[in-house]
1. All but one of (1) open to solvent by less than 30 Å² (accessible area, probe 1.4 Å); (2) assigned to a loop (DSSP other than H, G, I, E, B); (3) modelled with pLDDT of 90 or more hold for residue 60; state the number of the condition that does not hold.
2. Any chance you could count how many residues in the stretch 326-352 are of a type in the set (Phe, Trp, Tyr) and open to solvent by 30 Å² or more (accessible area, probe 1.4 Å)?
3. Look at residue 356 and say whether it is over 16 Å from residue 168 (Cα atoms), under 20 Å from the mean Cα position of the chain (by Cα), of a type outside the set (Phe, Trp, Tyr) and open to solvent by 30 Å² or more (accessible area, probe 1.4 Å).
4. Residue 286 is checked against (1) at pLDDT below 95; (2) in a helix (DSSP H, G or I) and fails just one. What number does that condition carry?
5. Quick check on my filter: what residues within the stretch 296-313 are surrounded by 15 or more Cβ atoms within 10 Å (Cβ to Cβ) and either modelled with pLDDT of 85 or more or assigned to a helix (DSSP H, G or I) (or both)?
6. Restricting the first residue to the stretch 321-334 and requiring it to be within 15 Å of residue 240 (Cα to Cα), which pairs with a second residue that is open to solvent by 70 Å² or more (accessible area, probe 1.4 Å) and outside any loop (DSSP other than H, G, I, E, B) meet a Cβ separation below 7 Å and a spacing of at least six or different chains?
7. Which of the residues belonging to the stretch 152-169 are modelled with pLDDT of 95 or more and either open to solvent by 40 Å² or more (accessible area, probe 1.4 Å) or in contact with an Asp or Glu (Cβ under 7 Å, 6 or more places away or on another chain) (or both)?
8. Could you grab the pairs with beta carbons closer than 7 Å, sequence gap of 6+ or different chains, first residue in the stretch 237-260 and more than 14 Å from residue 314 (Cβ to Cβ), second one hydroxyl-bearing (Ser, Thr, Tyr) and crowded, with 18+ Cβ neighbours inside 10 Å?
Amino acid sequence: SGEGRGGMNMDEGLEEEPMVEFSRGTEKPKRGKKNHGKPALRLWIIGDSLVTGVGASCAANGFGPVLPRILAERVSYLTDRQVEWTALGKKAADVRTIRHEIVRNINDAGSTTRGSSSNGSISGCGSSCNGSSSGTSPNASSNGRIGSPGSSSGSTVRLPPPDVVVLLCGVNDLKRAFSGRTPERFRLELRKAVRDVREVFEDKTKREGKGTNRKQSQKHEKKTQKHEKKTHPLVVLPGMPMQLVTAFPLPLSALAAYAGDVWDDQKRLVAEEDSLFGMGGGVLMERDDKEKNEEEETQKKSYPRTLFVPKPSTEVMQIFGDKNKSLTAKDGIHPNEWGYAAWASHIAGEVAVAIEKREKATSCMGK
């Protein structure tokens, strides 16, 4: 069973949820020409209620939350590759909560459990809509919760590390601005979250490839260091389309959109820091114009470590979606299924370009 969507005010949006919701699925390419035979792309989507599909109808979430599913579907179409996706989200989570309760427990979510759930928490809609109706996706998605007292039983299969990690966050940090949360503090926490994502998945890569004796382990360690730039996931930080929020009248709605842009600027800075220097380099250093241009030119010839995707305009989202339909849920805060689908399509376009860029760069490095 799940909790109702209902109308949501700001106080309700700040309530803590006891569970992290997860979904998984596979999207198969529809064209099957250009990249036939290439390995599947592994996509993880991590974040807050936007990942779980709050705001979309239960029917729309029946085969998995809308944004992760459509994102995977569009990336599969644009790259002509099979995409295996995993979504982990927690309602009302700010970036610090995402770090501590999702990212740092990623190894628990990195195993897919096959069997029956002892507490009945697995349903076709996860816990983001009324009822417990379940469905079978044409592309075999599964939904449920992790970290519950009655965990699922069955055989466990370790999943390989991802190629892309999409980190959806910021709205709940913005809500906490009224209690003293600043954009700078958000940037610091986001920087740590990106670092933690890299560490947990790089550690998994090393553990999976290590040999059973010291000689094999040393050989694997050297290989890992040599190809480190090839194995780290692309981290994607999407900007938030706060212009869709209708819960507030003017001028509060305009103020919310402006504040969203300020928070998105922090994501852009973190992406720039990580792509140019790596998270071990600390803060973004002051550079003169010549140094900055040289570094940016070098980065253009390479491939991004972290990608900031600016928010789409309402006009662009209506092109992807349906111009005759609203893009906002009844709560006035979250997107509805049309909004999620349009936003996912926008993100997918940027991700597909970045994947192509990375693969060309790694191909050159391997020669």
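1. (3)
2. First pass over the stretch 326-352, keeping only residues of a type in the set (Phe, Trp, Tyr): 338, 340, 343.
With the extra rule that they be open to solvent by 30 Å² or more (accessible area, probe 1.4 Å), the set shrinks to 338.
Number satisfying all stated conditions: 1.
3. Details: over 16 Å from residue 168 (Cα atoms): yes; under 20 Å from the mean Cα position of the chain (by Cα): yes; of a type outside the set (Phe, Trp, Tyr): yes; open to solvent by 30 Å² or more (accessible area, probe 1.4 Å): yes.
Here the answer is yes, as residue 356 does meet what is asked.
4. (2)
5. 305, 306, 307, 308, 309, 311, 312 - these are the residues of the stretch 296-313 that are surrounded by 15 or more Cβ atoms within 10 Å (Cβ to Cβ) and either modelled with pLDDT of 85 or more or assigned to a helix (DSSP H, G or I) (or both).
6. So the pair list comes out as 327/338.
7. 163, 168, 169
8. That search, which allows pairs on different chains as well, returns 237/306.
The values are calculated or read from the model by the stated rules, or taken from the named source; none is laboratory data. Keep in mind that what you see is a predicted model, and the values were worked out from it rather than measured. No Cβ is skipped: glycine too gets one built from the backbone with ideal geometry, and neighbour counts run over all protein chains shown. Surface areas here come from the heavy atoms of the whole protein model, side chains and all, with no ligands, DNA or RNA. Shrake-Rupley method; radii C 1.70, N 1.55, O 1.52, S 1.80 Å.
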